[in-house]
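The values are calculated or read from the model by the stated rules, or taken from the named source; none is laboratory data. None of these values were measured; they are calculated from a predicted model. Here the Cβ positions follow ideal geometry from the backbone for every residue, glycine too, while neighbour counts run over all protein chains shown. Heads up: the accessible areas ignore ligands, DNA and RNA and are worked out on the full protein's heavy atoms, side chains in. Shrake-Rupley method; radii C 1.70, N 1.55, O 1.52, S 1.80 Å.
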Amino acid sequence: MTRIRTTPPRAAAAALLLFTLAVSGRAADATLLKGELDGKELSAAIAKQKGHVVLVNFWATWCVPCREEFPDFVRLEKAYRDRGLRVIGVSTDLAKDLPKVEKFLAAAPPDFPNYRKKSGGDDQDFIESVDAKWGGELPFTVLYGKDGRKVRVLSGKQSYEDLEKVISPLLRSGP
Amino acid sequence: MRALRIAASLTLFAALAGAGIALAESPAIGSAAPDFQLTSVDGKAFSLADAAKSHKATVVMFIATKCPYSNAYNDRMKKMAEEYAARGVQFVGINSNSTESVEDAVAHAKKHGHTFTIVKDPGNKVADLYDARRTPEVFVVDKDGKLVYHGRIDENYEDATKVTSPDLKNALDALLAGQPVAKAETKAFGCTIKRA
C-alpha cells in the first residue's frame with residue numbers, strides 16, 4: 001500500500017515562497033522600483049542603452065490613462081526586446097505614494113526597469129530636461145533612436161498598434 | 001483677437017489622430033489670445049473678447065472634474081477667483097474633457113463652491129486652439145486681449161501651505177500693477193485633456 005505523505009500547510013507555504021524567490025530573484029519585501037532619478041540621471045540611463053531603440057514612458061498611479069496604457073508597454077517590451085527595444089518607466093508619483101507605486105508594479109511586474117522621479121526641486125526643471133515642448137501632461141512617452149538621439153514624443157495614451165507603428169521603423173534603421 | 005480657427009483645430013485634430021502625436025504650439029506670450037465663444041454650464045453665452053474688454057485680466061483655466069491634479073487646486077481656484085474678482089479679474093474654467101459631461105461639470109462646481117464661470121468645450125476646439133494639453137493649465141489674457149501668462153497655478157499641487165512659487169498670483173499681481181510678468185511660462189505635471 002502506498003503511503004501518501006501530506007505536506008503540512010506551513011511547510012508548503014515556505015516551499016512556495018522559496019520557489020517564488022528563486023524564480024523571481026527578489027525578496028518578497030524588495031522594492032520593484034529600480035531607484036530614483038533626476039533629469040541628468042535619466043539622460044545617463046538612456047545613454048547607457050545606446051545601440052538600442054529606447055522608449056521612456058512617464059506615468060503616475062493617479063493617472064488613469066497611464067494605468068490603462070502600462071500593460072501595453074509590458075507587452076511591447078516582451079515582443080520587441082530581441083529586436084533591440086529597451087523600455088524605461090518613470091513614475092512621477094510623490095514620495096508619499098510609494099506604496100501605491102509598488103502595489104501597481106507588483107500587480108503585473110514589468111520586465112523593464114522603473115524609476116521614480118527624484119523628490120525635490122521644481123517639476124518644471126525635470127519636465128524641460130526631458131523635452132522643451134512637454135507641458136507636463138501624463139502619460140508622456142519619448143523615443144530615442146539607436147544613436148541615442150530623441151526621435152519622437154508621444155503625448156497622451158497610445159494604442160499598442162500605434163506604438164508598433166512608431167517603433168518598427170526605428171528598429172529597422174541602422175546601425 | 002483672432003476669430004475661432006475651426007480649420008486650424010481640424011488640422012490639429014488630424015495630426016493628433018495619427019500615430020506619434022506631433023506637439024503643436026500654444027499661442028506665444030505677447031500675441032493676441034485666440035477668441036472663442038462658448039456656452040457656460042448654466043446656459044449663458046461667454047465670449048473671451050468681451051470678457052477681456054470688460055476686465056483688467058481674464059484667467060482661462062482648463063480644468064477637470066476627475067483629475068487629481070486639477071482637483072487638488074479646487075480650493076485655490078475658488079479663493080483666487082473670489083479674491084481677484086474684486087480687483088477686476090475674471091476667472092473662467094473650461095472643461096474640454098470628452099469624458100466629462102455638462103452635468104458632471106455642474107455637480108463638480110456645486111460641490112466645490114465654484115461660482116466663477118465654467119464653460120464646456122465640445123469637441124475640445126478651444127483646447128486645440130490653445131494647444132492646452134493638461135489640467136489644470138492656465139492662460140492669462142490682459143485687457144487688450146494679449147496673452148501674458150501660460151502655465152501652472154503654482155509649483156506645489158500637494159500642499160497649498162507650502163507653495164514657494166505662486167506663479168499665477170505673481171502674474172496677476174504684476175499685471176494689475178502695470179508691470180511685466182517676470183515668469184510668463186511655467187510647467188507642471190497634470191492630467192492629459194481627454195480629447196474627443
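Tally the DSSP beta bridges in the protein assembly as shown and give the antiparallel ones as a percent, rounded to 5. If you can, show how the numbers build up before the last one.
On the way: 27 of 53 bridges.
Antiparallel bridges make up about 50 percent of those DSSP assigns within the protein assembly as shown.
Antiparallel DSSP bridges in the stretch A:32-172: what percent, to the nearest 5?
Values: 10 of 23 bridges.
So the antiparallel bridges amount to about 45 percent of the total.
For the options B:V119, B:V92, B:V102, a Gaussian network treatment of chain B with springs between C-alpha atoms closer than 10 Å singles out B:V102 as fluctuating the most. Taken one residue at a time, the phi angles of the stretch B:126-138 give Karplus couplings (6.51, -1.76, 1.60, θ = phi - 60°) of 6, 4, 5, 4, 9, 6, 6, 10, 9, 10, x, 9, 10 Hz. Gly and Pro are set to x.
Once you average over the residues of A:57-63, how many Cβ atoms of partner chains fall within 10 Å of each Cβ? Show your work: numbers first, answer last.
On the way: counts 0, 1, 0, 4, 1, 7, 7.
Rounded to a whole number, the mean comes out at 3.
Using a Gaussian network model of chain B in which every pair of alpha carbons under 10 angstrom is joined by a spring, one finds that among B:L176, B:L48, B:L168 the greatest mean-square fluctuation is at B:L176.
The mean number of partner chain beta-carbon atoms within 10 angstrom of a residue's beta-carbon across peptide A:128-136 is 5.
Add -39500 (n - 2.57) for each DSSP H run of 4 or more in chain B, then divide by its residues: what number comes out at 222 nm, to the nearest 500 deg cm²/dmol? Don't jump to the answer; show the numbers that get you there.
Values: 7 runs with 61 residues, N = 196.
So the calculated ellipticity at 222 nm is -8500 deg cm²/dmol.
Computed about the Cα centre, the dipole magnitude for the stretch A:32-172 is approximately 520 debye when only Lys and Arg (+1) and Asp and Glu (-1) carry charge, each at its Cβ. Here chain B is assigned +1 on the Cβ of each Lys and Arg and -1 on the Cβ of each Asp and Glu. Its dipole about the Cα centre then comes out at about 140 debye. When chain B is treated as a Gaussian network with alpha carbon springs shorter than 10 Å, the biggest mean-square fluctuation among B:T135, B:T164, B:T186 belongs to B:T164. Dipole orientation for the protein assembly as shown: of the candidates A:L170, A:P109, A:L138, A:P109 has the Cα lying most toward the positive pole (charges on Cβ; Lys, Arg +1; Asp, Glu -1).
Take each residue in A:152-163, count the other chain C-beta atoms within 10 Å of its C-beta, and the mean is 4.
What's the magnitude of the charge dipole for the stretch A:48-130 around its Cα centre, counting Lys and Arg as +1 and Asp and Glu as -1 at the beta-carbon? Answer in Debye, nearest 20.
Details: 14 positive and 13 negative charges, 78 e Å.
Here the stretch A:48-130 has a charge dipole of around 380 debye.
DSSP finds beta bridges in chain B, and of those with both partners inside it, around 60 percent are antiparallel.
Using θ = phi - 60° and the Karplus form 6.51 cos²θ - 1.76 cosθ + 1.60, what ³J(HN,Hα) does each residue of the stretch A:47-61 get, whole Hz, x for Gly and Pro? Residue by residue, the stretch A:47-61 yields 4, 4, 9, 3, x, 10, 7, 10, 10, 10, 10, 9, 9, 7, 5 Hz. Peptide packing: for B:153-163, A:153-163, the average count of neighbouring Cβ atoms within 10 Å per residue gives the ranking A:153-163, B:153-163, highest mean first. Taking only protein heavy atoms and a 1.4 Å probe, the accessible area of the protein assembly as shown is 56% carbon and sulfur. Pairs of alpha carbons in chain B separated by more than 20 Å make up 52% of all such pairs.
Couplings for the stretch B:61-72, taken from phi via the Karplus curve 6.51 cos²θ - 1.76 cosθ + 1.60 with θ = phi - 60°, read 10, 7, 10, 9, 9, 10, 7, x, 5, 5, 5, 5 Hz in order; Gly and Pro are left as x.
How would you classify the stretch B:131-193 from its alpha-carbon gyration tensor, with a ≥ b ≥ c the square roots of the eigenvalues: rounded for a/c under 1.5, else prolate if a/b is greater than b/c, otherwise oblate? Write down the numbers at each step before the final one.
Numbers: a/c = 2.76, a/b = 1.29, b/c = 2.14.
Oblate, because a/c is 1.5 or more while a/b does not exceed b/c.
Subtracting the Cα-Cα distance of B:A196 and B:D173 from their residue separation scaled by 0.36 nm leaves 4.7 nm. For the residue pairs B:K44/B:K78; B:K125/B:K162; A:K34/A:K96; B:K110/B:K183, alpha carbon separations beyond 28 Å are given by B:K125/B:K162; B:K110/B:K183. Using the Cβ of A:K96 as centre and a radius below 12 Å, the other residues enclosed give a net charge of -2, where K and R count +1 and D and E count -1.
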